[in-house]
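> Quick one: structure below, then a few questions.
The values are calculated or read from the model by the stated rules, or taken from the named source; none is laboratory data. Everything numeric here is computed off the predicted structure, so don't read it as measured data. Here the Cβ positions follow ideal geometry from the backbone for every residue, glycine too, while neighbour counts run over all protein chains shown. For accessibility, only protein heavy atoms count, side chains too; no ligands or nucleic acids. Shrake-Rupley method; radii C 1.70, N 1.55, O 1.52, S 1.80 Å.
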Amino acid sequence: MTAGRYRVTVTTGGEPLIQGWWADETVARRKFASWVGEHGSRSGARVTLVDEETGVVLTEWPDPP
């Protein structure tokens, strides 16, 4: 069971490295930005923020090709 509607995931090489769920979108967006800063220098890193209720990717880093 997840703790919230908004999921932030950091992947490297297509495999999940870390995930978290938040009920508040503003908090999830802050965590997204934080994890870009913390993990963005990893080789092949990608950070995504998804609305689990709708399945929509709200933002991702780096920008998709």
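> Give me the extension gain from residue 12 to residue 24: residue separation times 0.36 nm, minus the current Cα-Cα distance, reported in nm with one decimal. Don't skip to the end; give the middle numbers.
Working: separation 12, 0.36 × 12 = 4.32 nm, distance 2.54 nm.
Using 0.36 nm per residue and subtracting the Cα-Cα distance, I get 1.8 nm.
> What GluC sites (Glu not before Pro) does region 12-65 have in DSSP loop regions with at most 14 other beta carbons within 10 Å? Show your work: numbers first, answer last.
Details: sites: 25, 38, 52, 53, 60; in loops: 52, 53.
Here the GluC sites (Glu not before Pro) that fit, given the DSSP loop and packing criteria, are 52, 53.
> Using only the alpha-carbon atoms, how far is helix 25-39 inclined from the longest principal axis of the chain? Give it as 0 to 90 degrees, nearest 10.
For 25-39 against the chain, the angle is about 20 degrees.
> Of 17, 58, 49, which has the most accessible area and how do the rest follow, probe 1.4 Å?
Putting 17, 58, 49 in descending order of accessible area: 17, 58, 49.
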